[in-house]
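Read through the structure below, which is laid out as structure tokens, and then see the notes.
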Amino acid sequence: MSGNLLAISDLHIGHPENRSIVESLRPDDPSDWLIIAGDVCERFEDIAWVLAVLRDRFAELIWAPGNHELWTHPNDPVQLRGVERYQKLVELCRRLGVHSPEDPYPVWQGEDEQLVVAPLFTLYDYSFMAPGATTVEESLQIAHDSGIVCSDEFLLHPDPYPTRGDWCRARIELTERRLGEIDPSLRTVLINHYPLVREPTRILRYPQFAQWCGTELTADWHLKYRAAAMVYGHLHIPRVTWYDGVRFEEVSVGYPREWKPRGHRTWLRPIKGPAAR
């Protein structure tokens, strides 16, 4: 039997204070599993350091990519773009023994239930449009006019796909096929950097940013694929919400300017297991 299924995201270890958080993370039990729901950092060598450190400490490590890992940052010696960068990250995970969205989904054994732990990579297609927009083009224009534009527009390249939306739709098709192959008698823990439904983005200070936060194409996945819980990050607003009776856990650390005013908290969120009771 596994210990606890724990989760964290948005480590952003380019900030020294956040790197110290990673250095402090330890399991309560040697059989604990850890989920990382994306945005470890931007530089490939730093991503490798985090995954290696945490893989050594936890019984299993599960990673789903955030947008920051996919950036081709000018300060990163690894200048791969788009799909090639993602594939190199998957190869890194396989060398370290970390579960990625391209590998068989591991099964976590609780006291009374097995759960398929499924890391996903879906991206976004701008369908969480800005208020007042009726097309993606209008939504993007509203964002640009307001000055609220995600850095993905400059750093996250969709190569060889024409657009990020095209890459998103290809990922949705592939992921639906894989999720559909899961034993229907088993429930799942779905892990994605972005929330699978739009509702969590309603709390954003700048609603026009929601278009970089997911896709309407996943709106029923928590029901369709029997989710016992859905784990995500990206919004930097750690909280628990419920949709259709399914628990959604936003597990971000976020930037120091965000987490410091909140005061001390436990960084690892228990999703299942004794600590989650």
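The values are calculated or read from the model by the stated rules, or taken from the named source; none is laboratory data. Treat the numbers as computed from the prediction; the structure is a model and nothing was measured. Positions of Cβ are backbone-derived with ideal geometry, glycine not excepted, and every protein chain shown enters the neighbour counts.
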Residues in segment 110-137 that are surrounded by 13 or more Cβ atoms within 10 Å (Cβ to Cβ) and more than 17 Å from LEU204 (Cβ to Cβ): how many?
-> 13
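Mind checking which residues of segment 141-168 are out of contact with any Leu (no Cβ under 7 Å at 6 or more places or on another chain) and not in a helix (DSSP H, G or I)? Walk me through it before giving the result.
First, the residues of segment 141-168 that are out of contact with any Leu (no Cβ under 7 Å at 6 or more places or on another chain): 141-155, 157-163, 165-166.
Result: GLY147, ILE148, VAL149, CYS150, SER151, HIS157, PRO158, ASP159, PRO160, TYR161, PRO162, THR163.
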Residues ASP103, ASP112: which one is at pLDDT below 95 and either more than 21 Å from the chain's Cα centre (by Cα) or part of a loop (DSSP other than H, G, I, E, B) (or both)?
-> ASP112
Residue set LEU61, LEU70; condition at negative phi and touching a strand residue (DSSP E or B) at 6+ places or on another chain (Cβ under 8 Å); output residue LEU61
Identify, from the list GLU17, GLU45, the residue that is in contact (Cβ under 8 Å) with a residue 60 or more places away in the chain, charged (D, E, K, R) and either over 30 Å from VAL107 (Cβ atoms) or assigned to a strand (DSSP E or B) (or both).
-> GLU17
Mind listing just one residue for me: the one in segment 23-40 that is crowded, with 20+ Cβ neighbours inside 10 Å and on the phi < 0 side of the Ramachandran plot and, of those, nearest to the chain's Cα centre (by Cα)?
-> ALA37
Just a yes or no: is a residue in segment 202-221 under 22 Å from GLN114 (Cα atoms) and crowded, with 21+ Cβ neighbours inside 10 Å?
-> yes
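Mind checking whether some residue in segment 76-87 is basic (Lys, Arg), under 19 Å from HIS234 (Cβ atoms) and modelled with pLDDT of 95 or more?
There is at least one residue in segment 76-87 that is basic (Lys, Arg), under 19 Å from HIS234 (Cβ atoms) and modelled with pLDDT of 95 or more.
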Within segment 169-266, which strands (runs of 3 or more DSSP E) (wholly inside it) include 1 or more residues that are closer than 18 Å to LEU6 by Cβ, without any contact (Cβ under 8 Å) to a residue 40 or more places away in the chain and of a type in the set (A, V, I, L, M)?
-> 239-243
Condition check for ARG94: under 19 Å from SER151 (Cβ atoms), over 15 Å from the mean Cα position of the chain (by Cα), of a type outside the set (Val, Ile, Thr) and assigned to a helix (DSSP H, G or I) = no
Taking segment 149-166 and keeping only residues that are crowded, with 17+ Cβ neighbours inside 10 Å and either hydroxyl-bearing (Ser, Thr, Tyr) or modelled with pLDDT under 95 (or both), one is left with TYR161
